[in-house]
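The next block holds one structure in the form of structure tokens; read it before the comments.
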């Protein structure tokens, strides 16, 4: 009896080994380094969720279309521990040791910049995602592309135009001391001046600030019509609390990053009504039929709505990679050419690159109406009408 | 200058003081009695925050109720850690010779374990909830009800602790242990029992602080580090192991932060806070209320 059981186990193991070897031989290995631990993990996790959902949906359909042949995707994920200094080594390992066929991008601009050299050294194309900085314009076209339209210069130019179009004459600015916010602030000072909008308050604060009462008090005292808070989610909470407490009723209140997060909406509910934020996407935009499908799929998979910025960008980067592989297969040279020249059909509409930049998607501004983000600028892509911020909910 | 007279600013400073005092009290207790550097303090706070979050989401119990559960869980963790791990180390003379550095390594390991367990159990997604966020109008000042609760509970906890250590037998015994460990043992004070109680109290306070903070901020598994740093700054500023020092340090730090920013600019916040910190330590290396080492 013992011998029989042993024999059966051996046969089963052999079968499993053969099967897994067969799967491994056919699968397309897709590598990514991303923060799964450390201070960036909370905001990086939804991005990894987007990648996992993308891989799962393709595998449910039979796999990734590799120039006409369906092959299953195998994600190879490494934790960069929220440490950008590890990123280059991780991506080098993915290329040389794990021998991945494709790469998905890491999280944050700094992480992207860290891997540019590796991609160039190994001539390995990768579509970027959550990177946004004027520094990106200095990168020579090669093996990386950036689909994000929320570049500091575009935000500064377009938001000043939006305020001017509403007849705003004065503004107040509160800036978190991070590279992205500081870059945007520097450019906003110029564009607001060009539009004839006077900056009455111009304050900055660091990451460890626990209370924005003093800044909001100054803003309220100034009587500025527009408040521009260049925040990340954590300090966006501090702004909202201080603004509510002090009943700040400036008609236009803008938080750079934060309001489109599912957990942020749960925290503030109807108080977000009228708050403006930066973005470039909405599931309500009927011109992008895939947008609503993605939104519904993400909610069904994870029980929360996707962030309208980073998660969407990550999905777009995966979509572009997928469509490029369908045309070019896994040949790096052909992939590079396809990504550089084709127009891709994404959840954010058509995307085409000019050099390393997205040449087709404009920066947009969203406004929370009720607790739903609606595109309000530019007006030709609007899904909702821009309105002034009403009273805070009691 | 109007900012100095602003009641709104004053209330914010008081609320922030309450947060800082609560955060620092637990850490100070543990260090004061046992010279253990609990660098996992902020992570224990996050655990308390998760207790508050899941109590509301799953059981419908608001933070006013669940904060006691958070404190109890913290105390239970403290009990387990002390009884099954630390007690053995503390009785080891070689370990005791380098107590502070050894304890830092142990608690650093605990910090990593707690962070990653929370991440596995709850994911790294920020958790937030809407509770007692109605605005309370106090005449010239408006404040969120949740922030008012933080202020009241912080004052109550600090007051209770001061009274406990001043008037209760256990409190007096703990103070004797802090002052003179060997002499305390000679007069019959059970050091192990006192250490255990104080350890549980310290961990319980961390859980309580986390539950309260979760009303005003999003909770993540990796968000505790900033509180650990703040707590260490406060207890060093006030005087290591000195309860009143922790309270004074917390209030001072909060007022410097709020009023320093209001009078100058928030851009100078860190410069002012850490500038004062360094200046105090240069003048009084033992901290504001710490005892000078001869």
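Only the coordinates and a few stated rules stand behind these numbers; no lab work does. Predicted model, so just to flag it, every value in this text is computed and none were measured. We place every Cβ from the backbone using ideal geometry, glycine too, and count neighbours over all the protein chains shown.
Mind listing the Cα extents of the protein assembly as shown along all three principal axes, in Å, largest one first?
87, 85, 46
At a Förster radius of 41 Å, what calculated FRET efficiency corresponds to the Cβ-Cβ distance of residue B:268 and residue A:379, to the nearest 0.05?
The computed FRET efficiency comes out at 0.50.
Can you give me the angle between helix A:310-328 and the longest principal axis of chain A, using Cα atoms only, in degrees from 0 to 90, rounded to the nearest 10?
40
Relative contact order for chain A: what is it in percent, counting Cα pairs under 8 Å that are at least 6 residues apart?
16
Rounded to the nearest 10 degrees, what's the angle between the helix A:289-302 long axis and the longest principal axis of chain A, both from Cα atoms, 0 to 90?
Approximately 80 degrees, to the nearest ten.
What percent does the relative contact order of segment B:1-73 come to when contacts are Cα pairs within less than 8 Å and at least six residues apart?
Once normalised by length, the contact order is 18 percent.
For a quick check, take a GNM of chain B with Cα springs below 10 Å and name the residue from B:98, B:193, B:166 with the largest mean-square fluctuation.
Comparing B:98, B:193, B:166 in the GNM, the peak value goes to B:98.
Using mean Cβ contacts within 10 Å as the protection proxy, how do A:275-287, A:187-199 order, highest first?
Top to bottom by mean Cβ count within 10 Å: A:275-287, A:187-199.
Averaged over A:235-241, how many beta carbons belonging to a partner chain fall within 10 Å of each residue's beta carbon?
Across A:235-241, the average partner-chain Cβ count within 10 Å equals 2.
Take peptide B:254-267, look around each residue's Cβ out to 10 angstrom, count Cβ atoms belonging to other protein chains, and average those counts.
Rounded to a whole number, the mean comes out at 4.
Give me the distance between the Cα centres of segment A:257-303 and segment A:379-393, rounded to whole Å.
Here the two parts' Cα centres lie 15 Å apart.
Can you tell me the 0 to 90 degree angle between the C-alpha axis of helix B:169-179 and the longest principal axis of chain B, rounded to 10?
70
May I ask what percent, to the nearest 5, of DSSP beta bridges between residues of segment A:261-394 are antiparallel?
95
Given contacts defined as C-alpha pairs under 8 Å and at least six residues apart, what's the relative contact order of chain B, whole-number percent?
For chain B, the relative contact order is 37 percent.
Any chance you could check the Cα centroid distance between segment B:196-229 and segment A:124-176 for me, in angstrom?
Here the answer is 37 Å between Cα centres.
Counting only other chains, what is the mean number of Cβ atoms within 10 angstrom of the Cβ of each residue in peptide B:10-22?
2
Nearest-5 percent of antiparallel DSSP beta bridges in the protein assembly as shown?
Around 40 percent of the beta bridges assigned by DSSP in the protein assembly as shown are antiparallel ones.
Between A:233, A:147, A:42, find the one with the highest GNM mean-square fluctuation for chain A; connect C-alpha pairs within less than 10 Å.
For chain A, modelled as a Gaussian network with Cα springs under 10 Å, the answer is A:42.
Sort A:61-73, B:144-156, A:120-132 for me by packing, meaning the mean count of neighbouring Cβ atoms within 10 Å per residue, highest on top.
Sorting A:61-73, B:144-156, A:120-132 by mean packing, highest first, produces A:120-132, B:144-156, A:61-73.
Can you give the calculated 222 nm mean residue ellipticity of the protein assembly as shown, where each DSSP H run of n ≥ 4 adds -39,500 (n - 2.57) and the sum is split over every residue, rounded to the nearest 500 deg cm²/dmol?
Taken over the protein assembly as shown, the calculation gives -18500 deg cm²/dmol.
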